[in-house]
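Visitor: Okay, here's the structure, questions in a sec.
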Amino acid sequence: MPVTPGDWPGRALTCCEASANQSGAAARRARGVTGSRWSRADSGRLDVSVPSMAEDKGKEMKLVTCTAPVNIAVIKYWGKRNEELILPINSSLSVTLHQDQLKSTTTVAASRDFKEDRIWLNGKEENINHPRLQSCLREIRRLARKRRSSGDGNSNTLTLHHKIHICSVNNFPTAAGLASSAAGYACLVYTLAKLHGLEGELSEIARQGSGSACRSMYGGFVQWIMGVKEDGSDSIAQQIEPETHWPELCVLILVVSAEQKPVGSTAGMRTSVKTSPLLKYRTEIVPKRMKEMIEAIKRQDFELFGQLTMKDSNQFHATCLDTFPPIFYLSDISKRIINLVHRYNSHFGETRVVYTFDAGPNAVIYTRKQHVDEFVEVVKHYFPPEENGEQFLKGLPVNPVSVSEHLKSSIRMEPVKAGIQYIINTRVGPGPQLIEDSNLHLLGEDGLPKQ
Ligand code: DP6
């Protein structure tokens, strides 16, 4: 998938850390004296197999790389009661997608030799002084100092005094309504926490990067409890069920447009809070929906899960339309997908596939394993791909099946060529992960991005 440069300020641990010395000379000394193994990988990159922190403190650089997932809300977050702390007006609930298909990867390096904190996003250097980045850096450092003074955990005092370099990439198009900022900030916070040796609740910090990022701190099915405290300390994410809970649940992302969205979520929800009466009504509806959704997930009740998911997506987009001036995230193709889903389900007399849309035209479809092959075929039939276009189906494989004439005659829609650019077939996945392989660090031995 293409990677769009820049992005997320405006809005990945199992366990391994690697430390690298910045100069080749220091590397050779470290090998000779400490016995740490340094080798050249086939790519010619320096492979640091064993951390070597004791040697040559002045040149020491500590590197940590993690990945974090995208999450897609089934009960939407839209609207803040506190802009600075990013406190929402309602609780929300999401499904964490698998990182085999969609993830952010972040490397953080700390060194006494760095003159200033710096950040590169998707290959482009960005301004580290963005308030949301600063909030995350400040809160992590504050937590590290607190843990150190209380003698908790293995908080790393050395890295606290060093400047850091951050490099982050997404393997999916940025700002196309695929929650890039959520994965990005979750990854940043998780990686910084690993650098400083911090464990435990971190979603409160990720939330201050981007609201939805707090839900990407866990795998499986995750709620973000809105909380009531003014300082936001109870506005945190909690896992409802792990990624192994509902193995039949499958996710298809129908990428309608990989373009950047016209109105970002932050600006969009600010206008909605100011102008939409429907959004106020939503705050009364969501608590009951949250309870029902949690029940549906715990019971693996797809019918209820599906109905609630579609209704909540529709209400979110109705709120956008109720905003003044109105915000249009759904395109004509998005609306055709909505119709297709309803006609498909009504043909079978049950909810087999469900849609949800975030702040963009791409559809996220939840379904069960037994319906994936057929529904992908149906999508291909009604949105035939461009010949010689890019690969239409990405991610997990599907088996080709034929769509019955009976089904086609009850759907009765005109096909739209190239209406959907491609489909990503994925599933429910785990939370952030620490990357063990030091070849995968995004920063080189000079502390700068490798490419
Ligand atoms: C429509 O988390 O991107 O995806 O907190 O301002 O960074 P900020 O907004 P963001 O909003 C996501 C909104 C949504 C719904 C959701 O994910 O719950």
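The values are calculated or read from the model by the stated rules, or taken from the named source; none is laboratory data. What you see is a predicted model; the values in this text were computed from it and never measured. Don't worry about glycine lacking a Cβ; one is built from the backbone with ideal geometry, like all the others, and counts go over all protein chains shown.
Visitor: Suppose we filter 374, 414, 405 for residues that are buried (at least 19 other Cβ atoms within 10 Å of the Cβ), among the charged types (D, E, K, R) and modelled with pLDDT of 95 or more; which single one remains?
Guide: Just a single option satisfies the conditions, and that option is 374.
Visitor: Looking at this structure, is residue 207 more than 14 Å from the chain's Cα centre (by Cα), within 16 Å of the ligand (Cβ to nearest atom) and not aliphatic (A, V, I, L, M)?
Guide: no
Visitor: Also: Quickly run through region 419-444 and pick out the residues that are within 24 Å of residue 250 (Cβ to Cβ), of a type in the set (A, V, I, L, M, F, W, C) and assigned to a loop (DSSP other than H, G, I, E, B).
Guide: Result: 420, single match.
Visitor: I'm trying to understand the selection: among the residues of region 383-402, which are among the small types (Gly, Ala, Ser) and either within 17 Å of residue 257 (Cβ to Cβ) or loosely packed, with under 13 Cβ neighbours inside 10 Å (or both)?
Guide: Across region 383-402, the qualifying residues are 389, 402.
Visitor: Among (1) under 23 Å from the mean Cα position of the chain (by Cα); (2) loosely packed, with under 15 Cβ neighbours inside 10 Å, where does residue 309 come up short?
Guide: (2)
Visitor: Can I ask one more? Being of a type in the set (D, E, K, R) and over 27 Å from residue 204 (Cβ atoms) is true for just one of 243, 303. Which residue is that?
Guide: Step by step, each of 243, 303 is checked, and only 303 is of a type in the set (D, E, K, R) and over 27 Å from residue 204 (Cβ atoms).
Visitor: Turning to a different aspect of this structure: Just one of the numbered conditions (1) within 12 Å of the ligand (Cβ to nearest atom); (2) under 14 Å from residue 70 (Cβ atoms) is not true of residue 218; which one?
Guide: The single condition residue 218 does not satisfy is (1).
Visitor: If you scan region 296-341, which residues turn out to be touching a helix residue (DSSP H, G or I) at 6+ places or on another chain (Cβ under 7 Å), within 21 Å of residue 383 (Cα to Cα) and away from the ligand (no atom under 13 Å from the Cβ)?
Guide: 340
Visitor: Follow-up. Just checking, how many residues over region 248-289 are small (Gly, Ala, Ser) and surrounded by fewer than 16 Cβ atoms within 10 Å (Cβ to Cβ)? Steps first, please.
Guide: Within region 248-289, the first condition is being small (Gly, Ala, Ser), and the residues that meet it are 257-258, 264-265, 267-268, 272, 276.
Then drop every residue that is not surrounded by fewer than 16 Cβ atoms within 10 Å (Cβ to Cβ), which leaves 264, 267.
Within region 248-289, residues that are small (Gly, Ala, Ser) and surrounded by fewer than 16 Cβ atoms within 10 Å (Cβ to Cβ) number 2.
Visitor: Given the criteria on the phi < 0 side of the Ramachandran plot and touching a strand residue (DSSP E or B) at 6+ places or on another chain (Cβ under 8 Å), does residue 411 qualify?
Guide: Numbers: on the phi < 0 side of the Ramachandran plot: yes; touching a strand residue (DSSP E or B) at 6+ places or on another chain (Cβ under 8 Å): no.
In short, no.
Visitor: Return yes when residue 236 is in contact with a helix residue (DSSP H, G or I) (Cβ under 6 Å, 6 or more places away or on another chain) and not small (Gly, Ala, Ser) and no when it is not. Give the derivation first.
Guide: On the way: in contact with a helix residue (DSSP H, G or I) (Cβ under 6 Å, 6 or more places away or on another chain): yes; not small (Gly, Ala, Ser): yes.
In short, yes.
Visitor: Within region 69-87, count every residue that is acidic (Asp, Glu) and assigned to a strand (DSSP E or B).
Guide: 0
Visitor: Being among the hydrophobic types (A, V, I, L, M, F, W, C) and closer than 19 Å to residue 139 by Cα narrows it down to one residue among 237, 267; which is it?
Guide: One residue alone meets the criteria, 237.
Visitor: Give the residue, chosen from 280, 194, that is farther than 30 Å from residue 161 by Cα, more than 14 Å from the ligand (Cβ to nearest atom) and out of contact with any Pro (no Cβ under 7 Å at 6 or more places or on another chain).
Guide: On inspection, the qualifying residue turns out to be 280.
Visitor: Identify all residues within region 191-210 that are in a helix (DSSP H, G or I) and under 17 Å from residue 120 (Cα atoms); write none if there are none.
Guide: 191, 192 - these are the residues of region 191-210 that are in a helix (DSSP H, G or I) and under 17 Å from residue 120 (Cα atoms).
Rundown of residues vs (1) of a type in the set (A, V, I, L, M, F, W, C); (2) within 25 Å of residue 209 (Cα to Cα); (3) touching a Gly at 6+ places or on another chain (Cβ under 6 Å), yes/no style:
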residue: 236; (1), (2), (3): yes, yes, no
residue: 247; (1), (2), (3): no, no, no
residue: 250; (1), (2), (3): yes, no, no
residue: 256; (1), (2), (3): yes, no, no
residue: 263; (1), (2), (3): yes, yes, no
residue: 273; (1), (2), (3): yes, yes, yes
